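Just below is one structure, and these are the notes that go with it.
The values are calculated or read from the model by the stated rules, or taken from the named source; none is laboratory data. It should be emphasised that the depicted structure is a prediction, and the values quoted were computed from it without experimental measurement. Note: ideal-geometry Cβ built from the backbone for every residue, glycine included; neighbour counts use all protein chains shown. Note: accessible area is taken over every heavy atom of the protein model, side chains too, but ligands, DNA and RNA are not part of it. Shrake-Rupley method; radii C 1.70, N 1.55, O 1.52, S 1.80 Å.
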2 protein chains.
Amino acid sequence: MSEEQGGRRRSSRRASSAGRRGFHQLPWRRVENRFPPMEALSADELEAVQEASYKILEEIGIDFLHPEAIEILKAAGAETTPGSERVRLDRGLVQELVAKAPSRFTFHARNPEHHLVMGGNVMVFGSVGSAPNVSDLDGGRRVGNFKDYCDLVRLCQSLNIIHLCSGYPVEPVDLDPATRHLDAVAACVTLTDKCFHGYALGRERMLDAIEIARIARGLDDERLSAEPSLFTIVNTSSPLRLDGPMIEGLIEMARRNQIVVITPFTLSGAMAPATIAGALVQQNAEALAGIALVQAVRAGAPVMYGGFTSNVDMKSGAPAFGTPEYVRAAFAGGQLARRNGVPYRSSNVNASNTVDAQAAYESQMSIWGAVMGHVNLMMHAAGWMEGGLTASFEKLILDAEMLQGMAEVLQPLDVSEEALGLDAIREVGPGGHYFGAAHTLERYETAFYSPILSDWRNYESWREGGGPDATQRANQIYKDLLQSYEAPPLDPAIAEELESFVARRKQEGGVKAA
Amino acid sequence: MSEEQGGRRRSSRRASSAGRRGFHQLPWRRVENRFPPMEALSADELEAVQEASYKILEEIGIDFLHPEAIEILKAAGAETTPGSERVRLDRGLVQELVAKAPSRFTFHARNPEHHLVMGGNVMVFGSVGSAPNVSDLDGGRRVGNFKDYCDLVRLCQSLNIIHLCSGYPVEPVDLDPATRHLDAVAACVTLTDKCFHGYALGRERMLDAIEIARIARGLDDERLSAEPSLFTIVNTSSPLRLDGPMIEGLIEMARRNQIVVITPFTLSGAMAPATIAGALVQQNAEALAGIALVQAVRAGAPVMYGGFTSNVDMKSGAPAFGTPEYVRAAFAGGQLARRNGVPYRSSNVNASNTVDAQAAYESQMSIWGAVMGHVNLMMHAAGWMEGGLTASFEKLILDAEMLQGMAEVLQPLDVSEEALGLDAIREVGPGGHYFGAAHTLERYETAFYSPILSDWRNYESWREGGGPDATQRANQIYKDLLQSYEAPPLDPAIAEELESFVARRKQEGGVKAA
């Protein structure tokens, strides 16, 4: 055969002695997207969506389930009705408020090398957040707990392609709910030096997280307000509603110039119309309402436009992720965020129940959709499974490979004289090979992408090595990574202040159940 | 929790009673790419690659290992040396010849509904070709054989998203090599009515395949020449060489106006320089040489520009596929094909040894790279594994899902007044849901993408159903598909003519070993 497989045979002889190699990854770096964004909507269609969103805000309105939000918006000029939670915002007010949001800002980590730019062409990848369950091949699927929580945070620290911790990777259910947030957020300071998240679950928890972020960075309140150092996700209770605890968190964060990511939860066919266009209209209205509230609290506060639009399977009601609809919504979401001048958040999602081919192809759809849609913050970028119900250790490694590969796709090609290689082609000539060419030997070490997870051994060597599939290899890799984990250095004074803050708040009883 | 997973919980209750549903797929249709192509090279860089390729053709030259090719090119104006296989082509000659190639043409199937447009924004997906081994979960990995060959061709016929049969899906090693091509190509006429491939493995086999294509379409020789009805892949023996049997096939095909796809096999670091830019320069030179030869044989003959550039793992020599290098080479390959006015061929490749997450994520990288690079013919689009060494039944189903999903991504979004859904949003209002809304019920059946393979049941239902992973589900799906396969109707006169042609050629002994 002289077809393509012949070449594999030809060169695979050299591969037969290569076994699994040690773990290696590309260094921490800023990921910039130099490609133009993909657009799912024409310019006219984009305006039609924006126009319909304005109509929702003006004619239908949004329910803000907290009197403080209603007061703030009323003071800003919104139309409110005594005794009602409904707020109507005319487009002039929305435009005025949204225009105050920065299009780009810096997110500060306690390690300055891990500061992040949010906006422009920069892409930030966050770990899985908010899963109630956790899973790996050894222990199976289990309820979230603090040991797994800490291990997932350690992996987030160890993997260079993960830029921040997007919330509790898994809910540590074994911790007392009244003080859980104290231990959980404090762990983000001791186990990692990357940027992290605090939950907008009422005023007290939010303030505790802000205080922990302040302590971690060794700043006073004023300086913290000048340097955003914490972010929170504010999900709308779609359709067209923002709940009380989320609003309290939003207000406290915005007041202190910390980062709020407004993410409407517009599952088409369930909490949003059964058309992608309709879900986008609703997403856009809800996002604009949230962004407007942030700006009404504090003009110029850092805020992001979140898109989470997907759809349910109409035959079963089950949510679907990483679908063609999801991809097009991710493209359009980026257009809407840019149209409104706010950095864009999307996610790496899938609906698979196990770390298999479906998990990989649905995630790749989400990743490509987000990246080609020019995402700025990709939440749940590593470890998210089952529509968010499980954080998986193996999926975290699988995603790290896919993200690192994507970051490399975005690197420019070297098209220098040397890279074009005419001299090498002349030297080797027709019918030769490049294995021993000087041009090849000079590039031996760094010529090509080196994978985290992919196994390129030939079939025979792979079988001799036990024939592990990608999920089994990921299992070994995550355990090796945990084995070699080292906690990032932490100033003893900060460690002490953190410890005594947590101890004091625990003594006070933490946050009482609502 | 009011984070994203909450929504999954909210709607997953409805999913719990949903089990596996029967097989369904989207209808056969033309897939058009309405997005702009991704570009890995700037305009200047593209010209630098083209310029370097011209220099190769002018200064180094290409070895054509067949005297007839040398004569044809000499007559066209190329520089040849008596006693040498080296041919040098100056850029003026190359440009003149390549300019004669059509930028778009029709590929005719025996079922007119399966005719294909090759070129423009149209994308055609072909099944796996040329694997020496075949595999499924039941029988494991085994040497290619005619039974599996026929089953793979049947699946190619059954799956609407597969537009053509890209060669022997697996080598039927149990058939006599002298007559194997007769049975194998004849099976492409009886088991499918889609477009198919004949191998350029010497003059006789090529002519037999052309004759079978002619019989299948019920045409005379003249009409066949007006209606391209067969295609062949011509791989260069990189670097800078075309072998004798391939040249014979190329010449016979081009003479009869049948489709030749020139595909340099430029594995960077092995048969091409250890830089992607260098491999692209060489790919482009080899492709232009092959296209020029086709046009020197017959001006205007249909020809395609193939890109197969990937790289070897420099540590082991193993070929790698679906890598970041592969994606950027796929983008650049499209640019070079368009620069030269010839339709573009790429592939869906991966290097995994088993149908796992790696197979899926490497394939998604290849598919997205090819599609965003504006591929016209995606070879090996379904079923290719292990760098081409194995055709997998389960991978065929997995790929069909990924391809069908991608085709759906390329569909325009409906942004009509009804789709924007303002009335539905008004009707449901803040805090409601859309399950029972009229707007939803009207769209119940067809609102969203319906998958071939993805399993969206909730975890509990999935476990109760045996917890099958995607590969296990693909196994069941392919068997169900074979069960329900029906051969496409074939005119009895054509069947008889085909049978007697094959019988006669067998009696003559087929093709003697070289």
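Among the listed residues A:Glu171, A:Glu211, A:Glu227, identify the single one that is more than 22 Å from the chain's Cα centre (by Cα) and charged (D, E, K, R). Write out each step before concluding.
Values: A:Glu171 fails: more than 22 Å from the chain's Cα centre (by Cα); A:Glu227 fails: more than 22 Å from the chain's Cα centre (by Cα).
Matching residue, one of A:Glu171, A:Glu211, A:Glu227: A:Glu211.
Taking into account only those residues within segment B:147-201 that are over 15 Å from B:Leu482 (Cβ atoms) and small (Gly, Ala, Ser), which is surrounded by the fewest Cβ atoms within 10 Å (Cβ to Cβ)?
Applying the filter and picking the extreme gives B:Ala178.
Which numbered condition in (1) farther than 22 Å from B:Pro264 by Cα; (2) more than 7 Å from chain A (Cβ to nearest Cβ); (3) surrounded by fewer than 24 Cβ atoms within 10 Å (Cβ to Cβ); (4) at pLDDT 95 or above is the only one that B:Arg339 fails?
(1)
Looking at (1) free of Cβ contacts under 8 Å to residues at least 24 places away in the same chain; (2) assigned to a loop (DSSP other than H, G, I, E, B), find the lone condition where B:Glu71 falls short.
Among (1) free of Cβ contacts under 8 Å to residues at least 24 places away in the same chain; (2) assigned to a loop (DSSP other than H, G, I, E, B), the lone unmet condition for B:Glu71 is (2).
Restricting to segment B:303-334, name every residue that is open to solvent by 10 Å² or more (accessible area, probe 1.4 Å) and either among the acidic types (Asp, Glu) or in contact (Cβ under 8 Å) with a residue 24 or more places away in the chain (or both).
B:Asp313, B:Met314, B:Arg328
Would you tally the residues in segment A:274-311 being in contact with a Pro (Cβ under 9 Å, 6 or more places away or on another chain), closer than 19 Å to B:Thr446 by Cα and not in a helix (DSSP H, G or I)?
Going through segment A:274-311 one residue at a time, the tally reaches 3.
Could you look through segment B:343-355, keep only residues that are in a loop (DSSP other than H, G, I, E, B) and open to solvent by less than 10 Å² (accessible area, probe 1.4 Å), and pick out the one that is farthest from B:Ser392 (Cα to Cα)? Before you say what the answer is, go through the steps one by one.
We begin by selecting, within segment B:343-355, every residue in a loop (DSSP other than H, G, I, E, B); these are B:343, B:348-355.
Right, trim to open to solvent by less than 10 Å² (accessible area, probe 1.4 Å) and you get B:343, B:348-352.
Numbers: B:Pro343: 28, B:Asn348: 13, B:Val349: 13, B:Asn350: 12, B:Ala351: 13, B:Ser352: 11 Å.
Taking the candidates together, the pick is B:Pro343.
Report, by residue number, each residue of segment B:29-57 that is at the interface with chain A (Cβ under 7 Å from one of its Cβ atoms), buried (at least 20 other Cβ atoms within 10 Å of the Cβ) and more than 21 Å from A:Asp423 (Cβ to Cβ).
Within segment B:29-57, B:Met38, B:Ala40 meet the criteria.
Out of the helices (runs of 4 or more DSSP H) lying entirely within segment B:410-514, which hold 3 or more residues that are among the aliphatic types (A, V, I, L, M) and either more than 8 Å from chain A (Cβ to nearest Cβ) or open to solvent by 20 Å² or more (accessible area, probe 1.4 Å) (or both)?
Where helices (runs of 4 or more DSSP H) fall fully within segment B:410-514 and carry at least 3 residues being among the aliphatic types (A, V, I, L, M) and either more than 8 Å from chain A (Cβ to nearest Cβ) or open to solvent by 20 Å² or more (accessible area, probe 1.4 Å) (or both), they are B:470-484, B:492-507.
With respect to A:Gly83, is the statement that it is open to solvent by less than 60 Å² (accessible area, probe 1.4 Å), away from every other protein chain (no Cβ under 14 Å) and more than 30 Å from the chain's Cα centre (by Cα) true? Steps first, please.
Details: open to solvent by less than 60 Å² (accessible area, probe 1.4 Å): no; away from every other protein chain (no Cβ under 14 Å): yes; more than 30 Å from the chain's Cα centre (by Cα): yes.
Against the criterion (open to solvent by less than 60 Å² (accessible area, probe 1.4 Å), away from every other protein chain (no Cβ under 14 Å) and more than 30 Å from the chain's Cα centre (by Cα)), A:Gly83 does not qualify.
Within segment A:385-392, is there a residue that is facing another protein chain (nearest Cβ under 9 Å), over 12 Å from A:Phe125 (Cβ atoms), assigned to a loop (DSSP other than H, G, I, E, B) and touching an Asp or Glu at 6+ places or on another chain (Cβ under 9 Å)?
Within segment A:385-392, the subset facing another protein chain (nearest Cβ under 9 Å) is A:386-390.
The next check asks that each one be over 12 Å from A:Phe125 (Cβ atoms); those that pass are A:386-390.
Filter once more, so that each one left must be assigned to a loop (DSSP other than H, G, I, E, B): A:389.
From the residues that got through so far, the ones that are touching an Asp or Glu at 6+ places or on another chain (Cβ under 9 Å) too are none.
The answer is no, given that none of the residues of segment A:385-392 is facing another protein chain (nearest Cβ under 9 Å), over 12 Å from A:Phe125 (Cβ atoms), assigned to a loop (DSSP other than H, G, I, E, B) and touching an Asp or Glu at 6+ places or on another chain (Cβ under 9 Å).
Does segment A:256-283 hold any residues that are under 30 Å from A:Ile212 (Cβ atoms) and polar (S, T, N, Q), and which are they?
Within segment A:256-283, the first condition is being under 30 Å from A:Ile212 (Cβ atoms), and the residues that meet it are A:256-265.
Answer for segment A:256-283, where residues must be under 30 Å from A:Ile212 (Cβ atoms) and polar (S, T, N, Q): A:Asn257, A:Gln258, A:Thr263.
How many residues does segment A:357-383 hold that are at the interface with chain B (Cβ under 9 Å from one of its Cβ atoms) and touching a residue at least 24 places away in the same chain (Cβ under 8 Å)? Step through it out loud before you land on a result.
We begin by selecting, within segment A:357-383, every residue at the interface with chain B (Cβ under 9 Å from one of its Cβ atoms); these are A:357-365, A:367-369, A:372, A:379-380.
Next cut, touching a residue at least 24 places away in the same chain (Cβ under 8 Å) only: A:359-365, A:367-369, A:372, A:379-380.
Going through segment A:357-383 one residue at a time, the tally reaches 13.
Select from segment A:189-234 the residues that are closer than 12 Å to A:Arg256 by Cα, in a loop (DSSP other than H, G, I, E, B) and in contact with a strand residue (DSSP E or B) (Cβ under 9 Å, 6 or more places away or on another chain) and list them in ascending order.
The answer is A:Glu227, A:Pro228, A:Ser229, A:Leu230.
Looking at A:Gln25 and the list (1) within 11 Å of another protein chain (Cβ to nearest Cβ); (2) open to solvent by less than 60 Å² (accessible area, probe 1.4 Å); (3) part of a loop (DSSP other than H, G, I, E, B); (4) at pLDDT 95 or above, which single condition is not satisfied?
In the conditions (1) within 11 Å of another protein chain (Cβ to nearest Cβ); (2) open to solvent by less than 60 Å² (accessible area, probe 1.4 Å); (3) part of a loop (DSSP other than H, G, I, E, B); (4) at pLDDT 95 or above, A:Gln25 misses (1) alone.
How about segment B:445-504: which of its residues are of a type in the set (S, T, N, Q) and either under 30 Å from B:Pro412 (Cα atoms) or touching a residue at least 24 places away in the same chain (Cβ under 8 Å) (or both)? So that I can check it myself, show each step before the final result.
Applying the first criterion (of a type in the set (S, T, N, Q)) to segment B:445-504 yields B:446, B:450, B:454, B:458, B:461, B:471-472, B:475-476, B:483-484, B:500.
If the condition is that a residue be of a type in the set (S, T, N, Q) and either under 30 Å from B:Pro412 (Cα atoms) or touching a residue at least 24 places away in the same chain (Cβ under 8 Å) (or both), then B:Thr446, B:Ser450, B:Ser454, B:Asn458, B:Ser461, B:Thr471, B:Gln472, B:Asn475, B:Ser484 are the ones that fit.
Within segment A:235-255, is there a residue that is of a type in the set (Lys, Arg), more than 7 Å from chain B (Cβ to nearest Cβ), part of a loop (DSSP other than H, G, I, E, B) and under 27 Å from A:Ile212 (Cβ atoms)?
Start the filter on segment A:235-255 by keeping residues that are of a type in the set (Lys, Arg), which leaves A:241, A:255.
From what's left, more than 7 Å from chain B (Cβ to nearest Cβ): A:255.
Those still in the list that are part of a loop (DSSP other than H, G, I, E, B) too: none.
Within segment A:235-255, none of the residues are of a type in the set (Lys, Arg), more than 7 Å from chain B (Cβ to nearest Cβ), part of a loop (DSSP other than H, G, I, E, B) and under 27 Å from A:Ile212 (Cβ atoms).
For segment B:395-409, enumerate the residues that are more than 7 Å from chain A (Cβ to nearest Cβ) and small (Gly, Ala, Ser).
B:Ala400, B:Ala407
Check whether at least one residue in segment A:54-61 is at positive phi and part of a loop (DSSP other than H, G, I, E, B), and report yes or no.
Initially, segment A:54-61 is screened for residues at positive phi, giving A:61.
If we keep only those that are part of a loop (DSSP other than H, G, I, E, B) too, we end up with A:61.
So far as segment A:54-61 goes, yes, one or more of its residues are at positive phi and part of a loop (DSSP other than H, G, I, E, B).
So is B:Val234 open to solvent by less than 10 Å² (accessible area, probe 1.4 Å), under 19 Å from B:Arg505 (Cβ atoms) and aliphatic (A, V, I, L, M) or not?
Working: open to solvent by less than 10 Å² (accessible area, probe 1.4 Å): yes; under 19 Å from B:Arg505 (Cβ atoms): no; aliphatic (A, V, I, L, M): yes.
For B:Val234, the condition - open to solvent by less than 10 Å² (accessible area, probe 1.4 Å), under 19 Å from B:Arg505 (Cβ atoms) and aliphatic (A, V, I, L, M) - is not met.
Across segment A:86-95, what is the total count of residues that are open to solvent by less than 60 Å² (accessible area, probe 1.4 Å), farther than 18 Å from A:Pro239 by Cβ and either of a type in the set (Val, Ile, Thr) or in contact with a helix residue (DSSP H, G or I) (Cβ under 9 Å, 6 or more places away or on another chain) (or both)?
1
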